[in-house]
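Notes follow the structure.
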Amino acid sequence: MDNKTMNEENAKEVKSLNFIQQIIEEDLKNNVNDGRILTRFPPEPNGYLHIGHAKAICLNFSLAQQYQGKCNLRFDDTNPVKEDTEYVDSIMEDIKWLGFKWHGEPHYTSDYFEQLHDWAVKLIEDGKAYVDDQSAATIAEQKGTPTTPGTASPFRSRSVEENLDLFARMRAGEFKDGEKVLRAKIDMASPNMHMRDPLMYRIMHANHHRTGNTWCIYPMYDYAHGESDYLEGITHSICTLEFEVHRPLYEWFVSNITDTEYQPKQREFARLNLSYTVMSKRKLLQLVTEKHVSGWDDPRMPTISGLRRRGYTPHSLRQFAETIGVAKRNNVIDVSVLEHCVREDLNKIAPRVMAVLNPVKLVLTNYPEGQEEYVSIENNPEDPEAGSREMPFSRELYIEREDFMEDAPRKFFRMTPGREVRLKAGYIIMCTEAVKDADGNITEIHATYDPLSKSGSGSEESKRKVKGTLHWVSIKHAAKAEVRIYDRLFNDEAPDSHKETDFLEFINKDSLQVLDNCFVEPSLKNSKAEDHFQFQRLGYFSADKDSTADKLIFNRTVSLKGAFLKGKKK
């Protein structure tokens with residue numbers, strides 16, 4: 001390869017890197033931090049993680065893997081009122097399920113409470129922080145607007161000694177919640193509103209999930225974030241785009257409490273916005289507490305646990321994160337992209353099985369009564385190593401009611417009187433009669449079968465071409481099941497974007513359909529939670545966590561083909 005070609009190849013490789021990878025490679029080239037790479041994923045344990053967090057997880061852990069670095073898991077547990085060990089446990093489970101492993105033991109911002117307090121004292125001693133007695137509303141009003149400077153607090157000129165005394169008494173629990181706060185003394189005229197004497201500590205008399213009642217003052221995120229990164233030796237602190245305006249404050253705090261050459265660097269990327277869903281933790285919590293869904297892991301929720309229960313795979317979520325990439329500008333990703341990723345993965349790994357969701361009885365009148373046999377059917381045509389299985393066949397079967405029509409149009413290629421169809425992996429049959437009840441409802445379909453037409457037999461009859469192939473289950477051998485058909489939870493592309501309308505108004509009342517008279521082939525009797533299947537001709541399904549041998553339950557993950565095109569319903 002000549003130098004010109006080599007340079008072109010190298011240029012292509014550089015061009016394919018996202019902007020964060022380019023930053024890291026430039027840092028490595030310049031031996032910044034001695035070539036060390038340490039990222040972190042810092043969730044607040046106040047709810048279950050959603051698909052947006054999955055993107056951040058994939059980004060931080062994958063960057064660490066790509067550059068032979070490490071990634072910390074750090075819980076930002078600075079708000080005891082909203083946090084719970086249930087959320088801590090669920091977050092760790094989600095990360096492991098996605099296929100990632102954090103460096104060492106999990107970290108907690110609460111691990112650093114004493115050091116953060118000592119640094120706050122240092123800032124007070126340096127004249128860079130003060131205690132303010134004003135209410136949150138008054139402080140907010142005094143901050144001014146982006147185009148007009150703020151008004152200094154009347155307590156901004158307190159002496160160092162008075163501030164140290166008041167802060168010590170805040171820690172000792174002498175004051176009520178909201179009675180005093182600690183603020184950084186920066187610049188009330190700064191064009192960046194976050195630099196106008198931001199809050200560092202607030203009083204909260206609440207039990208903390210790790211420290212109990214040891215503390216009654218808790219650091220604000222903007223103060224604790226950079227300092228925690230510094231204490232852990234984080235090299236690349238990757239945040240979502242809304243924190244870009246917080247970066248000067250991040251750097252101010254770090255530079256004012258450290259005197260080392262090393263300092264963590266914050267970089268921002270666009271957060272994930274997904275159509276037909278909401279990503280706000282507050283709104284997701286509202287859906288749960290008001291029982292619009294069955295819980296955080298309801299398969300209609302965009303939470304990782306909800307997607308897992310619905311049948312999404314770790315690989316499909318990682319592939320989704322890679323597909324949408326890392327951007328500098330916010331945009332909305334159509335949910336069909338996510339569905340495409342899980343279809344592609346399940347198409348490769350999910351066994352093909354027979355299930356009938358809306359059954360009608362089919363009797364093969366010329367098949368010997370009491371006779372049973374087995375037909376061979378491949379488990380997955382996409383995976384030759386998946387092999388095949390034997391499936392029982394008998395005189396009485398269930399087929400889908402929609403697969404039969406008495407007076408069918410010319411292009412209806414399923415079952416209709418006088419027309420041949422094939423039973424998947426079985427025989428060619430022809431309908432002879434539709435049996436009806438007194439109200440004219442079809443209760444049974446009668447048909448004859450060609451005994452020489454068995455699939456795979458090699459006979460001339462078996463090679464006969466017919467236009468329709470139906471799935472089926474043997475009535476005697478089938479297992480009854482409940483099947484839950486899930487659709488979008490919201491029927492609006494951006495349910496939380498309407499200022500005049502509550503997002504709950506856009507809940508899709510048909511987002512869950514429970515079918516309780518379904519039948520599946522006997523091989524599914526031993527299926528376990530999160531086992532994946534393709535129900536022939538119907539879609540991809542997963543065994544639910546509540547499924548038992550006595551009551552099989554399957555959730556539809558996605559249909560075989562996309563039901564939405566470019567955000568519009570077919």
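The values are calculated or read from the model by the stated rules, or taken from the named source; none is laboratory data. In this text, all values refer to a predicted model and were calculated from it rather than measured experimentally. Here the Cβ is made from the backbone with ideal geometry for all residues, glycine too, and neighbour counts use every protein chain on show. These area figures cover heavy atoms from the full protein model, side chains too; ligands, DNA and RNA do not enter into them. Shrake-Rupley method; radii C 1.70, N 1.55, O 1.52, S 1.80 Å.
Within region 192-202, the presence of at least one residue that is at pLDDT 95 or above and under 30 Å from residue 63 (Cα atoms) is confirmed. Sub-7 Å Cβ pairs linking a first residue in region 509-532 that is at positive phi to a second residue that is among the aliphatic types (A, V, I, L, M), at least 6 apart or interchain, are 530/543, ordered by first then second residue. Going by the structure shown, is residue 259 open to solvent by less than 20 Å² (accessible area, probe 1.4 Å), more than 21 Å from residue 83 (Cβ to Cβ) and without any contact (Cβ under 8 Å) to a residue 24 or more places away in the chain? So residue 259 does not fit the description; no. Would you check if residue 174 is within 16 Å of residue 122 (Cα to Cα), at pLDDT 95 or above and among the acidic types (Asp, Glu)? So residue 174 does not fit the description; no. With respect to residue 131, is the statement that it is outside any loop (DSSP other than H, G, I, E, B) and open to solvent by 20 Å² or more (accessible area, probe 1.4 Å) true? Considered against the rule, which asks whether it is outside any loop (DSSP other than H, G, I, E, B) and open to solvent by 20 Å² or more (accessible area, probe 1.4 Å), residue 131 comes out as no. Report yes if residue 105 is free of Cβ contacts under 8 Å to residues at least 12 places away in the same chain and assigned to a loop (DSSP other than H, G, I, E, B), otherwise no. Judged against the criteria, residue 105 is a match. The residues in region 150-172 that are under 18 Å from residue 217 (Cα atoms) and open to solvent by less than 30 Å² (accessible area, probe 1.4 Å) can be counted, and the count is 4. Where strands (runs of 3 or more DSSP E) fall wholly inside region 419-521, the ranges with 3 or more residues that are open to solvent by less than 50 Å² (accessible area, probe 1.4 Å), under 29 Å from residue 407 (Cα atoms) and of a type outside the set (Val, Ile, Thr) are 442-449, 512-520. The criterion of being farther than 19 Å from residue 540 by Cα and over 14 Å from the mean Cα position of the chain (by Cα) does not hold for residue 274. Residue 289 meets each of the listed conditions (1) open to solvent by 20 Å² or more (accessible area, probe 1.4 Å); (2) touching a residue at least 60 places away in the same chain (Cβ under 8 Å) apart from (2). I want to confirm something. Restricting to region 538-553 and keeping residues that are assigned to a loop (DSSP other than H, G, I, E, B) and touching a helix residue (DSSP H, G or I) at 6+ places or on another chain (Cβ under 9 Å), which single residue is farthest from residue 479 (Cα to Cα)? Top of the filtered list is 545. Scanning region 263-273 for residues that are polar (S, T, N, Q) and either surrounded by fewer than 20 Cβ atoms within 10 Å (Cβ to Cβ) or not in a strand (DSSP E or B) (or both) yields 263, 273.
To keep it simple, each residue is scored yes or no on (1) touching a Lys or Arg at 6+ places or on another chain (Cβ under 6 Å); (2) at pLDDT below 95; (3) under 22 Å from residue 510 (Cα atoms).
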site: 247; (1), (2), (3): no, no, no
site: 258; (1), (2), (3): no, yes, no
site: 266; (1), (2), (3): yes, no, no
site: 275; (1), (2), (3): no, no, yes
site: 289; (1), (2), (3): no, no, yes
site: 302; (1), (2), (3): no, no, yes
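From the list 168, 189, 136, the one residue that fits, being more than 37 Å from the chain's Cα centre (by Cα) and touching a residue at least 12 places away in the same chain (Cβ under 8 Å), is 189.
Name the single residue that is nearest to residue 47 (Cα to Cα) among those in region 74-113 being out of contact with any helix residue (DSSP H, G or I) (no Cβ under 8 Å at 6 or more places or on another chain) and buried (at least 20 other Cβ atoms within 10 Å of the Cβ). Ranking the qualifying residues of region 74-113, first place goes to 87. For residue 276, the conditions (1) in a loop (DSSP other than H, G, I, E, B); (2) touching a Gly at 6+ places or on another chain (Cβ under 9 Å); (3) surrounded by fewer than 20 Cβ atoms within 10 Å (Cβ to Cβ) are fulfilled apart from (3). Tell me which residues, restricted to region 229-254, are open to solvent by 40 Å² or more (accessible area, probe 1.4 Å) and either without any contact (Cβ under 8 Å) to a residue 40 or more places away in the chain or closer than 15 Å to residue 69 by Cα (or both). Selection gives 230, 242, 243, 244, 247, 251. Number of residues in region 522-537 that are open to solvent by less than 10 Å² (accessible area, probe 1.4 Å) and in a helix (DSSP H, G or I): the value is 1. Exactly one residue among 440, 426, 418 is closer than 20 Å to residue 522 by Cβ and either under 41 Å from the mean Cα position of the chain (by Cα) or not polar (S, T, N, Q) (or both), and that residue is 426. A single entry from 78, 109, 148 fulfils the requirement of being farther than 24 Å from residue 176 by Cα and at pLDDT 95 or above: 148.
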